[in-house]
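Student: My questions will all concern the structure given below.
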Amino acid sequence: MLLTKFAQNVIKNNFQKAANLLVKVESAAATGGFVGLGRLYSTQNRTTATTSATGKKSKMVVKLNEQERAEKLQPLLDVGWTLVDGRDAIYKQFVLKDFNQAFSFMTGVALLAEKINHHPEWFNCYNKINVTLSTHDVGGLSSQDIRMANYFEKQADLLK
Ligand SMILES: C[C@H](O)[C@H](O)[C@H]1CNC2=NC(N)=NC(=O)C2=N1
């Protein structure tokens, strides 16, 4: 009985959070953007800024252009990231000391992911983390992926 009560509370609270988010998303849809923790993902390739449901100006996320790829993507390729065959995405395997270090590393990145509302595709096996970055909402690489990849590099450098 107690457990059922607990489960009901968890579902009720999460439902409330989801409902609140739904309200945000619906009002953002009215402004042509998609609100997620202060970042807007545009389904069109527009570079205009817009006002999110919270009234904050947010830069639209769009695919990297050729110049940005030369300037911002190439340095990452130089340190071991690789382009994924058949996808506009980048990949790198990180090898840490042990599982504990790998999971702590992932926890740090997860906090950033939630903060900027941009999440890696990753697989962890003991001390190895296979990471793929791409921006699903624009179907390819965006500045968010560059930002996250640089964060991965910064965190990895701290462990050297
Ligand atoms: C609804 C939510 O804001 C969006 O789905 C965010 C969440 N995290 C994301 N992560 C990544 N990698 N790409 C996205 O397009 C993306 N979109």
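The values are calculated or read from the model by the stated rules, or taken from the named source; none is laboratory data. Since we're looking at a predicted model, the values are computed, not measured. In this analysis, Cβ positions are derived from the backbone assuming ideal geometry, glycine residues included, and neighbour counts consider all displayed protein chains. What goes into the accessible areas is simple: the full protein's heavy atoms, side chains included, and nothing from ligands, DNA or RNA. Shrake-Rupley method; radii C 1.70, N 1.55, O 1.52, S 1.80 Å.
Student: Does ALA89 fit the bill of being of a type in the set (Gly, Ala, Ser), buried (at least 16 other Cβ atoms within 10 Å of the Cβ), within 16 Å of the ligand (Cβ to nearest atom) and more than 19 Å from LYS160 (Cα to Cα)?
Tutor: Yes, satisfied.
Student: Here's a follow-up. Determine whether LYS115 is open to solvent by 50 Å² or more (accessible area, probe 1.4 Å) and more than 12 Å from the chain's Cα centre (by Cα).
Tutor: no
Student: Please work out which residue is surrounded by the fewest Cβ atoms within 10 Å (Cβ to Cβ), limiting yourself to the stretch 76-86 and to residues that are closer than 17 Å to ALA149 by Cβ and either without any contact (Cβ under 8 Å) to a residue 40 or more places away in the chain or out of contact with any strand residue (DSSP E or B) (no Cβ under 9 Å at 6 or more places or on another chain) (or both).
Tutor: That would be ASP78.
Student: Also: Restricting attention to the stretch 140-154, report how many residues are more than 9 Å from the ligand (Cβ to nearest atom) and either over 22 Å from PHE99 (Cα atoms) or open to solvent by 40 Å² or more (accessible area, probe 1.4 Å) (or both).
Tutor: 8
Residue-by-condition table, conditions (1) touching a His at 6+ places or on another chain (Cβ under 7 Å); (2) over 13 Å from LYS128 (Cβ atoms); (3) polar (S, T, N, Q); (4) at pLDDT below 95:
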| position | (1), (2), (3), (4) |
| --- | --- |
| LEU73 | no, yes, no, no |
| VAL84 | no, yes, no, no |
| ALA89 | no, yes, no, no |
| LYS92 | no, no, no, no |
| VAL95 | no, no, no, no |
| GLN101 | no, no, yes, no |
| SER104 | no, yes, yes, no |
| THR107 | no, yes, yes, no |
| ALA113 | yes, yes, no, no |
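Student: Could you pull out the residue among PHE105, PHE123 that is crowded, with 16+ Cβ neighbours inside 10 Å and at negative phi?
Tutor: When all the criteria are applied, what remains is PHE105.
Student: Let me ask you something else. Based on what the data block shows, is ASN100 more than 12 Å from the ligand (Cβ to nearest atom), over 17 Å from VAL84 (Cα atoms) and in contact with an Asp or Glu (Cβ under 6 Å, 6 or more places away or on another chain)?
Tutor: In short, no.
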